[in-house]
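Take a look at the structure set out below.
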Amino acid sequence: MATAEVERKRGQLAALSIAVVVVLVGVPLWWRTTETYRAWLPVNQINELAELQLQLSVDVEVVFSRGTLMPEQQKKVPFTRTQEEAQKVDDDTTLRYRYESKYRTANIMEEDALKQPTAAEADLSLHTLSASPCGSVVVYVIPETSVLLPQGVDVYIGHRRTAVLRMGAPMSVGKNHKQLLAHLEPRITQVVQVMSFSHTDITAALSDRVRLSPGSKESLADSMRSFKSSPGYEITFSLLNPDPKSHRLDWDIEGAVHSYIQPLLTKLAPLANFSIDSQILYYAMLGVNPRFDSSLEAYTLNADSLAHVINPVEARLGSNAASSNPVLNFLLYVPDAHHSPLYIHDHQKQPVASNAFHSPRWGGIMVYNVNDLYGRGETPLPVNININMEKVMGVFLAQLRLMLGVQSSPAPPGFLVEPCGGAGLADWELDRLMWSRTVENVATATTTITSLAQLLDQIGNIVINDNIASQVSSTVTSLQLAVAELEAGNLGFALQYSKEAILASERAFFDPSLLHLLYFPDDQKFAIYIPLFLPMCVPILLSLIKIASEARQRRKLKQSKKD
Amino acid sequence: MIAITQRHVHDAAVPPLAGDPPAADPPSPPPSKDDFQEELVIRPLHSGDIYASFQFRTVWDADFMGDQKVSHYRLFPKSLGQVITKFSVRELHISFTQGYWRTMQWGQPYLPSPPGAELWVWFQDTVTDVDGTWKELTNVLSGIFCASLNFIDSTNTVQPSASFKPLGIGNVTDHSFLRYATLPREIVCTENLTPWKKLLPCGSKAGLSVLLKSEKLFHSTFHSQAVHVRPVCQDPQCRTTSMELRQTLNVVFDLHTSGQGKREWSLFKMFSRTLTEACPLASSSKVYVDVTDNPQGEQFELSPATPLLTQAVVLGDRRTYSVYDLTQQASFGSSRSLNMLLRWKNSHNNVVPPVMLRPLLHSERYVAGYGLQAGEIHTLIYNHHPYRAFPVLLLSAVPWYLRLYIHTLTVSSKGKDNRPSYIHYQPSKDRERPHLLEMLLQLPPNSVTEVTVEFERALLKWTEYTPDPNHGFYVGSSVISALVPSVVAMDTNSTLDRPLFSSFFPCKEEASYFMRVYTEPLLVNLPTPDFSMPYNVICLTCTVVAVGYGSLYNLLTRTFQVDEPSPGLAKRIANVIRRFRGVPLL
């Protein structure tokens, strides 16, 4: 009997030790071998970035020219003054604007410059005196009586980063320096908002991140017109010749690009890389049949039918197989002899002066009528026609500015804004674009990286390579740097870092290795596991149950013995 | 989404431009010249089939090799130009073919191509990472031509050392800039034709390209379309180079399926279209009909008759062609449309037309052997020339899963051993690169040369099988490149204005002409497992493990006691009966 009892004990011990081995060795081994590789991601930092607190700092230099300050005011005006303004856009986005104003009086050379006969010349000579860094604004305050600005103009904004502000009438300004500053400050803020950024610009740039309440239809269309920020753009000019039998077209696109488009793009070089190409497409038709208007003796395209023009043409345009940057298309359509002249009519049935239209985030189309160049029917077909590129490029350049988001929003009353020069873009316009593009990049990169982190968190089967982890980390670092540079007011660096951030985040998000989802349906898993696990686990479980029930019985027996 | 460009924007932008005249800038160079030609050759075949070959050629005096980026396109297609610029391509040849060219029935094609897709590219010597560029290029081309070229990888790419010399100018000898790949399985269809037509300046709207309707083109025995880009000389002195783009399309219509058995062909019957105009952009637009065998009209009748005849030396033979010049209004006649009609005489009584001149070079290839382990590839190369021997270069690229035993390579002609004077063999690496075998062989006159090599079939991993593995695996065509002795003197003057079909391969000497022959692709069965096998294996292994484990477990944990042996069966039955009878049990 004793040997049987010993034997039973030994069996129980064996069963227990097997169970222990299975739990301690088997389960971890199974776990490790079926685990998916997931590299470490800086989740905490990403979560911090999800709550975006952007601070934009602008350096504003206010220079008082002679005759604007009384001597006692001059002593009391502080050297620097900081204004802050906080705006909460939504639950996890807050914006703070910080204007750091420096006050000083003009030096002799600047006084001389301000004595120039016209504002444009003053602007040029002030620029040669000192070049202000990217993102900053210099405001010259001139006395009320100055003749530099024409009558009725209070503020002049030139090609560079300087503005000239006319001091209000001495009566309303008051004697105290505090009153003086209180009078000037709102006007300086207004100038800075025109020259660097306004709250509406910045919230529009955040549209990727913040769902704005839909405003008016007009403003929505405005916000959707320009292209999304991208590290590069492809600009394609296409000449559509629907009937090479009747006219042979020639355009000096190389020269036109060189003299009209290139200066603007050179100016925009810090923002993105641009590449330009052109092609001529033959037998390319518009998708709609224009209507003949007998009163005008011309064919007309209504604004409503313009939407149908693009699709059939687009099939012929071809995409750039060699790059994945967004493409801006500019199409010049020369109608054939039987369908010309062709005019575009707007919603009010009035002919459009430029005879062109654009499609937001796609490009522009211009109709170029050549029927007056045919001569009187005696010239043999095809007629050789040279296209006047100045006329064409004027329209395309205006459309290009719109597409790139160079806004020419109407200036507030009393402002005189110098029209853009040969470069097609003033320095402050570039700054404005850089501010909004930086904010947009930061917003897009944070959204991309947070949604990637969320996705990876939700789907546990995705393998995360070290490569992706390093891309994510570099995105986070660049984003942090960009935010810090924005806070410090270094616009150029901020843009650079934000571009790096957006590139790295896109690379991480679109990495093909994320597609290798190690996913097995549950029924297949069961089918594979059951033949092994069921026969192995059932005896172990049964013997464990048996041991447990025996132990319980023994305890009961002991209890009854005690009783 | 459409917005009219506002007037104020327009006005805001134009005045400063007007003040900044473009004349102040340095004058831009004059736009580079480009030229477009189109051509169709129709050759009635002796079998009663008909062969139509289209060629479209765009020559552009642009310097793709230089530092300056080419970006303003006129006749040259932009999509292809961008690819050439971006990947620094010197020469690009791509062909898609459906069907196999039957040399013995049809003679030589103007432009040979293997079944499936073929791509070979010479890169410029500025490219540092050739393999990476090649990979990217194939992916981009796959997008442009809607083809599976993205399946080209290191396992089917080779670097031929001698067979594929550049066809354009440039004396490149470093074959590390050359990549060659074939996809013998590729199916060619409408989706490949549409992007190909898009590269033409006239699209499918005017000129010869109106004939290219897919419903007829693909209802044929043989269809091959190709794109060849190469640098060519601009002038006889070859001081400057231009880029030449040749788009070719060859099609053979079958006598019985397309022709309803009647030996009578017309443009309308072949393409269901007639010609009404030349492409207005083309500097020359011509249709040639091969009438060499029909000097007096005894074989067939061609209407409308054309007084224009031209002779061209093509593939070592002097041929006569009737020419229709589409740029002349007279070609279209009064009906304003050209519908050539080609009616064979004696079509009703079964008079066999004269036997065609046998092609001088042709070849066959097949797999021999039985079972799924070993096999033998036989390549037969025929030299039908009665008295001239000539050398040929044989290239075969064999996938790694057919393991060639190179020591079994034998070459024999007329029963005698024929030693190749040059052999370049690159062994394969499993899952990395294919075998490459190149040989220079001398073919004796009027002989068959047989090249055999044995191979062993490899077992693939179960994920490496194609979706229908029992169909078999394709091995791309072998390529035979040869300088074949010519019957007539070849035209070596490259500057002369020759028809496009006779000017593709450069001709350096009068006595011989260059020719390429592709053999049949092979279809080889590999040992194919049952694909539910992995699951069966898992189940079986698990069961074995479970049984072993179960008995071990029982041995370890159960307690064993001696038990009374149970009574035998007879005794138990006896006891039952006894109980029934009420007799004491045993």
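With R₀ fixed at 51 Å, the C-beta to C-beta distance from residue B:552 to residue B:426 puts the FRET efficiency at about 0.45. Our summary gives the range A:232-300 a relative contact order of 51 percent, counting only alpha carbon pairs under 8 angstrom and 6 or more residues apart. Within the range A:58-97, list the residues whose amide N lies under 14 Å from a label point set 7 Å along Cα→Cβ of residue A:199. Hits in the range A:58-97 for residue A:199 at 14 Å: A:84-90, A:94-97. Distances between placed amide hydrogens fall under 5 Å for residue B:266 paired with B:342, all partners being 5 or more residues away or on another chain. Reducing the range B:36-98 and the range B:146-172 to their Cα centroids gives an inter-centroid distance of 17 Å. Backbone phi angles across the range A:299-306, fed through the Karplus curve with coefficients 6.51, -1.76 and 1.60 (θ = phi - 60°), yield HN-Hα couplings of 8, 10, 10, 7, 4, 5, 8, 4 Hz in residue order; Gly and Pro are listed as x.
Neighbouring Cβ atoms from other chains, within 10 Å of the Cβ of residues in A:304-310, number 2 on average. Close amide H pairs (under 5 Å, H built 1.01 Å from N) link residue B:291 with B:320, B:321, B:322, residues at least 5 positions away or on another chain. Charge dipole of the protein assembly as shown (Cα centre as origin; +1 on each Lys and Arg Cβ, -1 on each Asp and Glu Cβ, all else neutral): 4760 debye, rounded to the nearest 20. Across the cross-link table entries A:88/A:178; B:86/B:461; A:349/A:391; B:165/B:197; B:86/B:286; A:267/A:391, which are compared at the Cα atoms, the separations over 26 Å belong to A:88/A:178; B:86/B:461; B:165/B:197; B:86/B:286.
Under the membrane-span-like helix rule (DSSP H runs whose alpha carbons stretch at least 24 Å along the helix axis, mean Kyte-Doolittle hydropathy 1.0 or higher), chain A yields none. With the helix formula -39500 (n - 2.57) applied to DSSP H stretches of n ≥ 4, chain A reaches a computed 222 nm mean residue ellipticity of -14000 deg cm²/dmol. Under 5 Å from the amide H of residue B:222 lie the amide H atoms of B:252, each residue being 5 or more positions distant or on a separate chain, with H modelled from the backbone and absent for Pro and chain starts. Residue by residue, the range B:450-464 carries 3J(HN,Hα) couplings of 10, 10, 10, 8, 8, 9, 10, 7, 8, 8, 8, 6, 5, 7, 8 Hz when phi is fed to the Karplus relation 6.51 cos²θ - 1.76 cosθ + 1.60 (θ = phi - 60°); x denotes Gly or Pro. Each Lys and Arg Cβ is given +1 and each Asp and Glu Cβ -1; about its Cα centre, chain B then shows a dipole of about 1960 debye. Taking 0.36 nm per residue of separation and subtracting the Cα-Cα distance, full extension of the segment from residue B:128 to residue B:389 would add 89.8 nm. Relative contact order of chain B, taken over Cα pairs closer than 8 Å and 6 or more residues apart, is 14 percent. Using the Cβ-Cβ distance between residue A:350 and residue A:391 with R0 set to 22 Å, the FRET efficiency from 1/(1 + (r/R0)^6) comes to roughly 0.65.
With Cα atoms defining each centre, the range B:412-447 and the range A:56-100 are spaced 84 Å apart in the structure. Each residue of the range B:406-416 is assigned a 3J(HN,Hα), and the resulting list reads 5, 6, 8, 5, 10, 10, 9, 10, 6, x, 10 Hz, derived from the Karplus form 6.51 cos²θ - 1.76 cosθ + 1.60 (θ = phi - 60°), x at Gly and Pro. Here the contact order of chain A, divided by its residue count and restricted to Cα pairs under 8 Å and six or more residues apart, works out to 18 percent.
With unit charges on the beta carbons (Lys and Arg positive, Asp and Glu negative) and the dipole taken about the Cα centre of the range B:485-557, which residue among B:507, B:554, B:536 sits farthest to the positive side? About the Cα centre, the residue reaching furthest to the positive side is B:554. Can you figure out the FRET efficiency of residue A:533 with residue B:146, using R₀ = 45 Å and their beta-carbon distance, to the nearest 0.05? Calculated value: 0.40.
Modelled this way, with points 7 Å down the Cα-to-C-beta line, the labels at residue A:80 and residue A:23 are 6.6 nm from one another. Among B:490, B:243, a tally of other beta-carbon atoms within 10 Å of each Cβ gives an order, fewest to most, of B:490, B:243. With the simple model of a label 7 Å out from the Cα in the direction of the Cβ, residue B:368 to residue B:523 spans 2.2 nm.
Remark: the Cα gyration tensor places the range B:198-277 in the prolate category, a/c being 1.5 or greater and a/b exceeding b/c. Charged side chains reduced to their Cβ positions (Lys and Arg at +1, Asp and Glu at -1) give the range A:453-520 a dipole of some 100 debye around its Cα centre. Estimated from helical segments only, the mean residue ellipticity of chain B at 222 nm is -5000 deg cm²/dmol, where each DSSP H run of four or more residues counts as -39500 (n - 2.57).
Screening chain B for DSSP H helices whose Cα atoms reach 15 Å or more along their own axis and whose mean Kyte hydropathy is at least 1.0 gives B:533-557.
Our note on the geometry: Cα centres of the range B:199-238 and the range A:244-318, 27 Å apart. Averaged over the residues of peptide A:533-540, the number of Cβ atoms from other protein chains lying within 10 Å of each residue's Cβ is 4.
Shape index of the range B:349-451: Rg/Rh, with Rg the Cα radius of gyration and Rh the Kirkwood radius from the inverse mean 1/r over Cα pairs, equals 1.08. Packing order of peptides B:367-378, B:102-113, highest average first: B:102-113, B:367-378 (average count of other Cβ atoms within 10 Å over each peptide's residues). Annotation note: chymotrypsin sites (Phe, Trp or Tyr not before Pro) in the range B:532-565 located in DSSP loop regions with a Cβ neighbour count of at most 10 within 10 Å are B:560. Across peptide A:313-324, the average count of Cβ atoms from other chains found within 10 Å of a residue's Cβ is 4. Inter-label distance, residue A:125 to residue B:310: 7.4 nm, where each label sits 7 Å from its Cα along the C-beta direction. Each of the GluC sites (Glu not before Pro) that DSSP puts in a loop and that has at most 15 other Cβ atoms within 10 Å breaks chain A; the longest unbroken stretch is A:379-563.
No value in this document is a laboratory result; all are computed from the given coordinates. Since we're looking at a predicted model, the values are computed, not measured. So basically every Cβ, Gly included, is an ideal-geometry build from the backbone, and we count neighbours across all protein chains shown.
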